[in-house]
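> Please see the structure below; I have some questions.
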Amino acid sequence: AEAAAFGCIPVVSKLPGIDIIIRNNVNGIILEDLGAENIVEKIKVNWAHQVHMKEMAKEAHEFSKQFSYDSFLNSTIHLLRKG
């Protein structure tokens, strides 16, 4: 989320549950194979499509807003008011 907040496309390993946050080739890149050759290939393929990369960066930035300080603060206030 931090990288996405700055407009960077997250490139992440496929951890359990990561696909709930990152949608592959929509708001980030999920790597199933962490070999160096695979990582380089994924980056090259995406780099060749600059318009798509800009769209992914925009989507990543939008999703990152749910992890902002204001979002965290509002959620905390909401929980405290319930209790």
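> Restricting attention to the stretch 66-75, does a residue exist that is surrounded by 15 or more Cβ atoms within 10 Å (Cβ to Cβ), of a type in the set (S, T, N, Q) and either in a helix (DSSP H, G or I) or in contact with a Leu (Cβ under 7 Å, 6 or more places away or on another chain) (or both)?
There is no residue in the stretch 66-75 that is surrounded by 15 or more Cβ atoms within 10 Å (Cβ to Cβ), of a type in the set (S, T, N, Q) and either in a helix (DSSP H, G or I) or in contact with a Leu (Cβ under 7 Å, 6 or more places away or on another chain) (or both).
> Which of the numbered conditions does Val51 fail, given that it passes all the others? Conditions: (1) at pLDDT below 95; (2) within 18 Å of the chain's Cα centre (by Cα).
(1)
> Just give me the residues in the stretch 33-83 being among the acidic types (Asp, Glu) and without any contact (Cβ under 8 Å) to a residue 12 or more places away in the chain, in sequence order.
Asp33, Glu37, Glu41, Glu55, Asp70
> Out of everything in the stretch 5-46 that is among the aliphatic types (A, V, I, L, M), open to solvent by less than 40 Å² (accessible area, probe 1.4 Å) and in a loop (DSSP other than H, G, I, E, B), what residue ends up being farthest from Ser71 (Cα to Cα)?
So the residue we want is Ile9.
The values are calculated or read from the model by the stated rules, or taken from the named source; none is laboratory data. Note that the coordinates shown come from a computational prediction; the quantities given were computed from them, not determined experimentally. Glycine gets a Cβ as well: all are built from the backbone with ideal geometry, and neighbour counts include every protein chain shown. Note: areas computed on protein heavy atoms with side chains; ligands, DNA, RNA excluded. Shrake-Rupley method; radii C 1.70, N 1.55, O 1.52, S 1.80 Å.
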